[in-house]
Amino acid sequence: AQCLSSQVHGAFSVSHTDWCGDAAVPHVTKCILPLVISFQLFAIHLQKEQYYSEQHSSLINKAYQTLLNPLSRGLYLLELSGVEPAKETDCDADSAFLMEIMEINEKLAESKTKNNLEEVETSIKVKQEELTREVTAAFERDDLQEAKKLLGKMKYFANLEDKLKAKKVPS
């Protein structure tokens, strides 16, 4: 085996005989192997960091989406307080409210033009904003049962909004 050039010899500041022949194997193993192991451990650490970063990014995104929407935010606040959200089978909604929902549903079903859909959309948004203010006030008063009832109503309007979106963009 031929020895490394004098430039390499100077760069590593080892004796010429350390890099020649069979004597070089233990020296290379002693010097290089720890570097390779360190690099592999660093690469594994980077992979773990990337995994944790992806997990945290997903959680942060989910939290942001939860807090962005007044309905999901309110439901989350109820959950934190240990209050079960209203279920669809709960019949606490008053008849006037249910009539309002039925009327909007009928308008939505009958709407054929863009103007009619915009009218329904406006009425839904106005009602959602009103309910959002009422829920906020209920939470500020720490009236969790009232907040639960109002959030149940908000679910109805969220469903109406979904129906409106589906009607505006037919599949």
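So, Val120, is that one of a type in the set (Val, Ile, Thr), surrounded by 18 or more Cβ atoms within 10 Å (Cβ to Cβ), more than 27 Å from the chain's Cα centre (by Cα) and part of a helix (DSSP H, G or I) or not?
Yes: the conditions hold for Val120.
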Any residue that is out of contact with any Phe, Trp or Tyr (no Cβ under 6 Å at 6 or more places or on another chain), in contact (Cβ under 8 Å) with a residue 60 or more places away in the chain and not basic (Lys, Arg) - is there at least one of those in region 96-118? no
Going through region 107-117 in order, the residues found to be outside any helix (DSSP H, G or I) and basic (Lys, Arg) are Lys112
So which helices (runs of 4 or more DSSP H) stay within region 1-106 end to end and still have 1 or more residues that are surrounded by 10 or more Cβ atoms within 10 Å (Cβ to Cβ), β-branched (Val, Ile, Thr) and modelled with pLDDT under 80? 6-12, 24-68
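The values are calculated or read from the model by the stated rules, or taken from the named source; none is laboratory data. This is a predicted model, so every value here is computed, not measured. All Cβ positions, glycine included, derive from the backbone under ideal geometry; neighbour counts span all protein chains shown.
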